[in-house]
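In what follows, a single structure is set out as structure tokens and then discussed.
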Amino acid sequence: MVENRVVQAEFKETEVGLIPSNWEVKKLGTYLIQNPDYGINAAAVTYNQGLPVYLRITDILENGKYSKANVVSVDSVDSGSYFLNEGDLVFARTGASVGKTYLYDKKDGELVFAGFLIRVRTNQKILLPTYLFFFTQTKYYWNWIAANSMRTGQPGINGKEYKELLIPLPPTLAEQTAIATALNDADALITQLEKLIAKKRAIKQGAMQELLKPKERWEVKRLGEIFESSQSKPSIKSETPVVFLGMEDVSEEGKILNQHIFSYSQVKKGLSFFRKDNVLVAKITPCFENGKGACLDTLKTDLGFGSTEFHVLQINEKSIPRFVFYHTQTKEFRNQLELEMTGTAGQKRVPIKSIINYDISLPSLAEQTQIAQTLSDMDVEIEALEKKLAKYQQLKQGMMQNLLTGKIRLA
């Protein structure tokens, strides 16, 4: 790790804002050893060990990392001209992902880049690729993308336009290296925490499958026997506070992300009504398949309203709401009911009768409470790690803002 010390600097006003007086601002094109080039124009094919792996826009995560979630290959005689080399940085040039970047890492294996990506190669005696990569994660960069990608159709930026991007640059490679190293260290901490969260989620998923697996002496009932799908709305005063939950306010892990509190007089008619301790299950594709839903035992008000694309389950005295909720999060529940969805493509929904007829195995109320508490404790641990991750990511953003504009100098 590079030893750094913080140094003071005088500043000057430039097109990119205030930067140290001994920094320069030049267009990206002046730092390149060749013009930006476009990826191969070829279709993706099913992954084949005998063919190159294909890098597409969709394989680049928001943090600039390569995702191996859906690896595909490319079958073209021209593939050899499009392999990425160490130091190559690719930019997404079109669509909603325009501006996303990926810095090739040989640990990702050999990659051929696709036609909707643009490759740039910097003169590494002047501009380090890692420094440029981190610069493409700054607010200034994304504001530039927003301003320059506007088109009559799909947003886009071509290679010539990317060459116009202004880059603030320290006077020495040593300072670029120090900045890149500090940000790489921050990335390493974030990556380590992301892996820990993924591991904890996998452990929880395994525990959920095991704890909810039917045991001897458990009673099998139809889910419809332990909940009401329709409930009468009480008389509510206009000033009564209620929570609103849209589909975007619950996560695919079954967590409530946001609770919007309004007075009842502000709530539109025709929304789904629910109470504290009810269970929500998304009914529409792909929200259902992805796990959207929630247990409302943490609702901030006694009453609430939400998207009509939720099934609302009012659990009766035969079961514990959070125990039922965890059942609705299992792969078995989602996979079985996915097969029973009705409607046209893109508008398929789970009928309430499919949930009513779903078989569930119930232990005693005491054991349901114990199982629900065990899984809730795991959720609390994961949520604490997620908050820590968000804090690390926020700190990294602050580091980038300060280091890549010279507000904090490393030498």
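Quick note: the coordinates plus some simple rules give every number you see, no bench work behind them. Bear in mind the structure is a predicted one, so any value in this text is a computation, not a measurement. Here the Cβ positions follow ideal geometry from the backbone for every residue, glycine too, while neighbour counts run over all protein chains shown.
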For Q370 paired with R201, estimate the spin-label separation in nm (one decimal), with each label point 7 Å from Cα along the Cα-to-Cβ line. 3.0 nm
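Size of the dipole of the stretch 24-169 about the Cα centre, Lys and Arg at +1 and Asp and Glu at -1 on the beta carbon, nothing else charged, in debye to 20?
The dipole of the stretch 24-169 has a size of about 380 debye.
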Sorting K396, K268 on the 10 Å Cβ count, fewest up front, what's the list? K268, K396
Gyration tensor (alpha-carbon) shape descriptor, the stretch 129-226, a/c threshold 1.5: oblate
Among [x] 142; [y] 170; [z] 202, find the value of volume of the Cα convex hull per residue in Å³ that was calculated from the structure presented, and write down its label. [z]
Note: E239 to N63 extended length (0.36 nm per residue) minus current alpha-carbon separation gives 59.0 nm
Between K407 and T152, what is the label-to-label distance in nm when each label sits 7 Å out along the Cα-to-Cβ direction? 4.1 nm
Set the Förster radius R0 to 35 Å, insert the Cβ-Cβ distance between N357 and D377 as r into 1/(1 + (r/R0)^6), and round the FRET efficiency to 0.05. 0.65
Förster radius 41 Å - calculated FRET efficiency between W142 and K213, Cβ distance, rounded to 0.05: 0.30
How long is the gain from N290 to Q393 if the chain were fully straight, where each residue apart is worth 0.36 nm and the alpha carbon distance is subtracted? 34.6 nm
Among GluC sites (Glu not before Pro) in the stretch 241-330, those in a DSSP loop whose Cβ has at most 10 other Cβ atoms within 10 Å are E317
Taking other Cβ within 10 Å of each residue's Cβ, how do I33, I408 sort, fewest first? I33, I408
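Counting only other residues whose beta carbon sits under 11 Å from that of P351, what net charge do I get with K and R as +1, D and E as -1? Walk me through the numbers on the way to the answer.
Numbers: positive: K283, K348, R349, K353; negative: E340.
For residues surrounding P351, the net value is +3.
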Could you tell me which of rounded, prolate or oblate describes the stretch 322-384, using a ≥ b ≥ c as the square roots of the eigenvalues of the alpha-carbon gyration tensor, with rounded for a/c under 1.5 and, failing that, prolate when a/b is larger than b/c and oblate otherwise? oblate
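Within 10 Å of each residue's Cβ, count the other Cβ atoms and sort F274, F262 from fewest upward. Can you show the working numbers first?
Numbers: F274 25, F262 16.
By the 10 Å Cβ count, ascending: F262, F274.
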Which angle between 0 and 90 degrees, to the nearest 10, do you get for helix 173-211 versus the longest principal axis of the chain when only C-alpha atoms count? 20 degrees
Where a ≥ b ≥ c are root eigenvalues of the Cα gyration tensor, a/c under 1.5 meaning rounded, otherwise prolate if a/b exceeds b/c and oblate otherwise, the stretch 92-155 counts as oblate
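Using 1/(1 + (r/R0)^6) with R0 = 45 angstrom and r between the beta carbons of E164 and A384, what's the FRET efficiency to the nearest 0.05?
0.50
For S97 and Y47, calculate 0.36 nm times their separation in residues minus their Cα-Cα distance, and state this gained length in nm to one decimal. List each step's numbers first, then the result.
Values: separation 50, 0.36 × 50 = 18.00 nm, distance 2.33 nm.
Roughly 15.7 nm would be gained on extension.
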Can you give the local net charge around A147? Use residues other than it whose beta-carbon is closer than 15 angstrom to its beta-carbon, Lys and Arg +1, Asp and Glu -1. -1
Once both axes come from the Cα atoms, what is the angle between helix 139-148 and the longest principal axis of the chain, in degrees from 0 to 90, rounded to 10? 90 degrees
Evaluate 2.2 N^0.38 Å with N set to the residue count of the stretch 219-362, then give the Cα radius of gyration divided by it. 1.01
